[in-house]
Amino acid sequence: MTEIYSDEYWMRQAMDLAMQAQTKGEIPVGALLVADNKIIAEGYNHPITDHDPTAHAEIIALRRGGTQLQNYRLLETTLYVTLEPCVMCAGAMIHSRIQRLVYGASDMKTGAAGSLIDILRHPGMNHRIEITGGVLEQECSAMLSAFFKQRREQHKELKRLKKQQLEE
């Protein structure tokens, strides 16, 4: 008998991908596409290293999923992502026809699954996606907060060093 994995199980896998992004200096967001209790595709953020504003974890996972399934319609799949998707990613999800979205942390600045705007439930959209938010939310939020805190500290240190150099 095949074990059915929980949303928390898959979100932990997405968090591992987010850590890969973080080790490369990217915002730690990870995503994986699951069908029939198996990973079809995965991705993590790398717009900075790729110089590509569309290289979000979700977009990469959707692209790879389409390649893996040999179809741009990713029917009966679930996308797990550590951060609530932005408008671009939400639009790609609608076009790909995923069945379900599960995300960890909400994004009050750019979230398009209900926090800032709700693209996925907009009545004019031609496809509906089931949404489950807040899965391992505290862990996902803590990862992002720690990353941005470290970036701010690095920025302050760089400013201090530049100021010190100018004074010498």
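Per residue, the stretch 5-165 exposes an accessible area of 54 Å² to a 1.4 Å probe, with every protein chain left in place. Give the total of Lys-Lys pairs in the chain with Cα-Cα distances below 29 Å; include a pair only if its members are 8 or more places apart or on different chains. Total qualifying Lys-Lys pairs in the chain comes to 13.
Rounded to a whole number, what % of the accessible area of the chain do carbon and sulfur atoms account for, probe 1.4 Å? Roughly 53 percent of what the probe reaches on the chain is carbon or sulfur. Peptide packing: for 23-34, 90-101, the average count of neighbouring Cβ atoms within 10 Å per residue gives the ranking 23-34, 90-101, highest mean first. Reducing the stretch 15-43 and the stretch 129-162 to their Cα centroids gives an inter-centroid distance of 16 Å.
Between amide H atoms placed 1.01 Å from N, distances below 5 Å from TYR5 occur with no residue 5 or more places distant or on a separate chain. Listed values for the stretch 88-102 are Karplus-derived 3J(HN,Hα) couplings in whole Hz (6.51 cos²θ - 1.76 cosθ + 1.60, θ = phi - 60°), namely 4, 5, 4, x, 5, 5, 4, 5, 7, 6, 4, 7, 8, 10, 10, and x replaces Gly and Pro.
Full extension of the segment from GLN150 to THR110, taken as 0.36 nm per residue of separation minus the current Cα-Cα distance, would add 12.3 nm.
The values are calculated or read from the model by the stated rules, or taken from the named source; none is laboratory data. Quantities reported herein were computed from a predicted structural model and do not represent experimental measurements. Cβ atoms come from the backbone with ideal geometry, glycine included; neighbour counts cover every protein chain shown. Heads up: the accessible areas ignore ligands, DNA and RNA and are worked out on the full protein's heavy atoms, side chains in. Shrake-Rupley method; radii C 1.70, N 1.55, O 1.52, S 1.80 Å.
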